[in-house]
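Report on the structure given below.
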Amino acid sequence: MMNPAHAANGCDSIASIPITWNIDYENDIQTIFNTRCSNCHVKSGGSPEAGLDLDPGSSWDSLVNAPSLEQLGRLLVLPGQPLDSVMFEKINCETPNAGMRMPRDRTPLPLSEQALIYD
């Protein structure tokens, strides 16, 4: 599998953000999706962009070990390997290997939120 760190450009450094060890998916990660991603990646409002449903109760199954439609042979989220995960690349890099940085046409996620998703 390709390491996206070599293909993507303009990736943010989260090295200065302390590691968060005890992450609660619903409270920490789903909250980010609800705030930053809910305008496009929701099923409740119709058809989610890129087929990616980030609604509560659906996001985990839509992301973890799910194949990327843009980058064949890669997973959206590969547990324990955020640098090999398409999703982290899409939120962390100005120019991902494929597609656009997310959230599209809006301010990138703050480093603290990127770091939570990484952790």
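Since every read-out is calculated from the coordinates, none of them should be taken as a lab result. All values reported here derive from a predicted model rather than from experimental measurement.
A simple rule links phi to the HN-Hα coupling: the Karplus curve 6.51 cos²θ - 1.76 cosθ + 1.60 with θ = phi - 60°, which for the stretch 15-26 gives 4, 7, 8, x, 5, 9, 8, 10, 8, 9, 3, 5 Hz, with x for Gly and Pro.
For residue 75, the residues 5 or more places off, or on other chains, whose built amide H falls under 5 Å of its own are 68, 86. In plain terms, the chain from residue 24 to residue 95 could stretch by 22.7 nm, reckoned as 0.36 nm per residue minus the Cα-Cα distance. For the chain, the relative contact order works out to 33 percent when only alpha carbon pairs closer than 8 Å and six or more residues apart are counted.
Let me make sure I get this right: for the chain, a, b and c are the square roots of the gyration tensor eigenvalues over alpha carbons, sorted descending. Under 1.5 in a/c it's rounded, otherwise prolate if a/b > b/c, else oblate. Which is it? Verdict is rounded for the chain. Whole-Hz Karplus values for the stretch 37-42 come out as 10, 5, 6, 10, 9, 10 Hz, taken residue by residue from phi with 6.51 cos²θ - 1.76 cosθ + 1.60 and θ = phi - 60°; glycine and proline positions read x.
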